[in-house]
Amino acid sequence: MTDKTELINLPRLVRDLKTERVSVERDAHEAARLAFSASSEAPVNRPWGTEILEHTPRAVRMARIEGGAVPLLFNHDWDDPIGMVDSGRLAGGRLEVSANLFETQRAREVRAMIDGGLRNISIGYEIHALDERRGGEMIATDWEVHEVSVVTVPADPSIGIGRALENEVKPVRVTRAISQPAHTADATEELRMDDQNTAPAGESAEHNVTLTREAKPQNKPIDVAALEKARGETIKKLARSNNVDESIARSWIESGASMDKIADDILSIHEERGKQADAPAMLGMSKREVRQYSIMRAITAAKQNNWKNAGLEFEAHRAMMDRDGLSPRSNSSVYVPMDVTSRQPTYGRRDFTAAVAGAAGGVGTDHLAGSFIDLLYNMSVTMNAGATRLTGLRGNVSIPKLTAGSTAYWLASETTAITESTPTMGALTLTPKNVAALVEVSHQMAQQADPSAEQMVLRDLAQQVSLAMDVGALSGDGTGGAPTGITNTGSIGAFTGTSLDYAAVLNAQEDVIAANADRLSGMAYVADPATVTKLKTRVKFTSTASPIWEGPYRRGTCADEVGMASNQMAADSMLFGAWSSLVIGEWGTLELAVDDKFNFATGSIGLRAWYTVDVGVRYPAAFSLATSIT
């Protein structure tokens, strides 16, 4: 084995030393001083390999530190200095430094943060030489520190190493161990991202980006900085499309986060937004306003086109239009903010039942109270199976994923050529789609302000919308405004449906495991009720009392996993999968339109509800379907 030397272009870099202890002292003049470890030999994944900083006197250039030229910054911002590093030493594979804080208001603020528990330290540094070792490790054998920072978020380079120098790159000498196939001696390769077309607006889409390779002369330095810049721009676009803070995008870029990791983070961010009171779809109403808001009062006002006695409801309606640019579908429409549809009733368990003979009706017994959102979730089979819910969305959502990965091969010898494979990145895009439901509200109910009347209306609406959501999520065909459901998503698995027995049921789990999707959560079977009946009367093992499906139809057990029956499944069909891979997005705006001529003879009105949702599947191979079950 021989070595060769080449050049690659690298930018200035940052890395963190997490969970480090920072000691704070004061000298005789009451000046604040900090002592801490600034760096270690912990490996960090970089586009050019696994980077390790060698901490020996021959590797670390200490001149800047010894000359008092290394500033102490906050969040790597050169315009936010809080002190200076005045000494440093190498010990036990670490760089230990001592720094003094300035006697400024800003430095005192950071000192208070440190006293309160802020312990995240990061360094900005420049590499001058790398030595490649077996296993892809790249040892920095010549490097120096440019600045040390106290940072708020670990693994986040924040603003970068000097605003004026952010995009500056320099050639770095790399000593490589030659153990590559012969074809790599002729050319190096450069990644190019070919962006494919997106789907038309309003439709769910998978946005694919193919990484291809182009040969270029070997004597030209590998422009790692250009590759990293392209990756960074892609991640920044994803962050912007999902309204994710730029600092989080920078942390993904710096840490070398995978697309799966970024996708999981984006989902977590959207889920957390949906839980917060200030979620994007929330109007920001006070608790008192939420309590006082009456859906029945809004319905009556919309019916009469007279908002004199529904001032709060009208203001909320107008605020929704102004903020989100909404346009009602008719003059008798009203937008109900998510603040109200997700509120929890304060009146406990009450019911609205039909009037009995000689009674006025309107108040009854034993109805489960709950918000429209809660009712929606509880009535939906796909929600209960474990689908990922994103609520309170604004704008489109783009979730990245790797749709086709690279392939590794065993090589017969060092001269065996590698068969090239092309990885493809995709993005599951959720776009607002409208689902509508129509319910009848009696004249008497519309006149009531009793909370139970509102609860009855909400329950009816939630039932209609949840059924429509289930149909779309399970079997939507992607036409006529409908989403593309699981069973119409390409590349899902299939298991034997004819004469379904225990072995066939287990084959569904085998499909999912073979696709490496068993790491996902929410494993469950969903089948039509007739199929569940068949499975409840068939046994796992001959001549034993061991039904394949045990327990209730609505939520039982099938082959040691959750089993659920749904009338929304096609006849004689069964679907197994990791349901967390199904993403249901809700934009949180409920529009109610009133038709006061719906039933003139009885005086009842028609209440049409519009709800904005979309569904998509992150990993199609996480599902397996059986049809034509006999």
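The values are calculated or read from the model by the stated rules, or taken from the named source; none is laboratory data. For clarity, every value in this text was computed on a predicted model and none was experimentally measured. Cβ: placed from backbone, ideal geometry, glycine included. Neighbour counts: every protein chain shown.
Data for the structure
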| read-out | value |
| --- | --- |
| Wholly enclosed strands (runs of 3 or more DSSP E) of the stretch 557-600 bearing at least 1 residues of a type in the set (Asp, Glu), in contact with a Leu (Cβ under 7 Å, 6 or more places away or on another chain) and in contact (Cβ under 8 Å) with a residue 40 or more places away in the chain | 582-599 |
| Residues of the stretch 499-523 satisfying the condition of being out of contact with any Leu (no Cβ under 9 Å at 6 or more places or on another chain) and not in a helix (DSSP H, G or I) | Ser499, Asp501, Ala515, Asn516, Ala517, Asp518, Arg519, Leu520, Ser521, Met523 |
| Number of the condition not met by Thr533 [criteria: (1) within 34 Å of the chain's Cα centre (by Cα); (2) in a helix (DSSP H, G or I); (3) among the hydroxyl-bearing types (Ser, Thr, Tyr)] | (1) |
| Residues located in the stretch 534-554, provided they are in contact (Cβ under 8 Å) with a residue 12 or more places away in the chain and hydroxyl-bearing (Ser, Thr, Tyr) | Tyr553 |
| Qualifying strands (runs of 3 or more DSSP E) (wholly inside the stretch 69-116; at least 2 residues being without any contact (Cβ under 8 Å) to a residue 24 or more places away in the chain) | 77-91 |
| Test: residue in the stretch 117-128 that is more than 22 Å from Ile65 (Cα to Cα), assigned by TED's automatic domain parsing to the domain that holds Ile65, surrounded by 18 or more Cβ atoms within 10 Å (Cβ to Cβ) and modelled with pLDDT under 90 | no |
| Residue, farthest from Val97 (Cα to Cα), within the stretch 67-77, restricted to residues that are of a type outside the set (A, V, I, L, M) and surrounded by 13 or more Cβ atoms within 10 Å (Cβ to Cβ) | Asp77 |
| Residue check for Thr542: outside any loop (DSSP other than H, G, I, E, B), β-branched (Val, Ile, Thr) and more than 21 Å from Ile486 (Cα to Cα) | no |
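Residue-by-condition table, conditions (1) modelled with pLDDT of 70 or more; (2) in contact with an Asp or Glu (Cβ under 6 Å, 6 or more places away or on another chain):
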position: Asn9; (1), (2): no, yes
position: Arg12; (1), (2): yes, yes
position: Glu20; (1), (2): no, no
position: Ser23; (1), (2): yes, no
position: Ala32; (1), (2): yes, no
position: Glu41; (1), (2): yes, no
position: Asn45; (1), (2): yes, no
position: Thr50; (1), (2): yes, yes
